Amino acid sequence: MPTIRRTESEAIRKEQILGAVQRVLREKGYDNSTISDIVKEAGVAQGTFYLCFDSKKAVAMELALKLMDGIALRLKPAMDPTLTFDQRMRLFIHVVFDVGSENVDLCRLAHLGVESTKEAVKAVCTLACSR
């Protein structure tokens with residue numbers, strides 16, 4: 001039986017938890033979900049959750065950043081300087097509407113606070129510009 005390195009297994013558990021958070025938030029919303037709900041859905045112990053994340057807000061913000069990173073990747077073609085302004089805006093609008101309908105979970109995370117949202121948007125913009 002192959003052994004998994006500790007860092008690999010930690011990354012796998014973290015992804016399990018993030019997937020569980022997304023499912024729990026979809027079902028219950030942020031305010032009605034608990035860490036107990038998340039660990040039950042993820043199939044991990046509560047201690048494992050706290051090894052990966054400090055709080056429910058921290059895991060929700062990580063999920064939001066992960067989703068926003070995906071959005072940034074999809075918006076990158078809209079930054080192509082060879083496109084006309086109209087082409088860029090149309091592409092941008094299509095991506096925003098597509099992503100909005102595909103990622104209702106991200107919309108549910110928006111209430112985490114204006115400052116947190118600003119931090120997340122700044123991080124995504126930094127990621128998008130560096131790729």
Can you tell me which of (1) part of a helix (DSSP H, G or I); (2) at pLDDT below 85 is the one residue 31 doesn't meet? (1)
Does at least one position in region 26-33 carry a residue that is exposed (fewer than 14 other Cβ atoms within 10 Å of the Cβ) and touching a residue at least 40 places away in the same chain (Cβ under 8 Å)? yes
Just to verify a result, which residue in region 79-101, among those that are assigned to a helix (DSSP H, G or I) and acidic (Asp, Glu), is modelled with the lowest pLDDT? 98
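Residues are listed down the side, and each one gets a yes or a no for (1) farther than 29 Å from residue 102 by Cα; (2) at pLDDT below 95; (3) not assigned by TED's automatic domain parsing to the domain that holds residue 63:
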| residue | (1), (2), (3) |
| --- | --- |
| 3 | yes, yes, yes |
| 11 | no, yes, yes |
| 19 | no, yes, yes |
| 25 | no, yes, yes |
| 41 | no, no, yes |
| 48 | yes, yes, yes |
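The values are calculated or read from the model by the stated rules, or taken from the named source; none is laboratory data. As the structure is a computational prediction, the values presented were derived from the model and not from experiment. All Cβ positions, even for glycine, are placed from backbone atoms using ideal geometry, and neighbour counts span all protein chains on display.
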